[in-house]
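Single-structure report; data block below.
The values are calculated or read from the model by the stated rules, or taken from the named source; none is laboratory data. Note that this is a predicted model, so its numbers are computed, not measured. Glycine gets a Cβ as well: all are built from the backbone with ideal geometry, and neighbour counts include every protein chain shown.
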Amino acid sequence: MDRNVKIPLSLLSQTIDLLEHWNLDGYDPAILCDYDSVFMAFLKKWRSLELREAYSKIIFAKDENVRFEARMRYLQQKRDNAGCF
């Protein structure tokens, strides 16, 4: 059964930082596969949160110029994320 849990954003960030710097030389290939799976899942979640934040800047923009700039940043992030996964 796949269930979701809430964790603090700071913990997600710390975990991604830890996984990015973890030296896995010499580990069993099965562990590397699990590592890649977990790391990619956390990274995907982080990027999803960033994209949601970028979208909220469009919604809450104070004027059309700010909205346009926010939309351009959002679309760029969305394109960048599409190539990652």
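The residue pairs whose first member lies in segment 26-47 and is basic (Lys, Arg), whose second member is surrounded by 12 or more Cβ atoms within 10 Å (Cβ to Cβ), and whose beta carbons are closer than 7 Å, counting only pairs six or more residues apart or on different chains, are Lys45/Leu12; Arg47/Asn81. Taking (1) part of a helix (DSSP H, G or I); (2) within 19 Å of the chain's Cα centre (by Cα); (3) modelled with pLDDT under 95; (4) of a type outside the set (D, E, K, R) in turn, Ile7 satisfies each apart from (1).
For Ala61, the conditions (1) over 17 Å from the mean Cα position of the chain (by Cα); (2) modelled with pLDDT under 95; (3) part of a loop (DSSP other than H, G, I, E, B) are fulfilled apart from (2).
Looking across segment 31-85, just one residue is loosely packed, with under 13 Cβ neighbours inside 10 Å, more than 24 Å from Leu12 (Cα to Cα) and of a type in the set (Lys, Arg), and that is Lys62. Pairing each residue of segment 58-85 that is touching a residue at least 12 places away in the same chain (Cβ under 8 Å) and over 20 Å from Lys45 (Cα atoms) with any residue that is surrounded by 12 or more Cβ atoms within 10 Å (Cβ to Cβ) and among the charged types (D, E, K, R), provided the two are 6+ apart or on different chains, yields C-beta distances under 6 Å for Ile58/Arg67; Ile58/Arg71; Ala70/Lys57. Go through segment 22-42 residue by residue and tally those that are outside any loop (DSSP other than H, G, I, E, B) and over 26 Å from Ala82 (Cβ atoms). Qualifying residue count for the region: 3.
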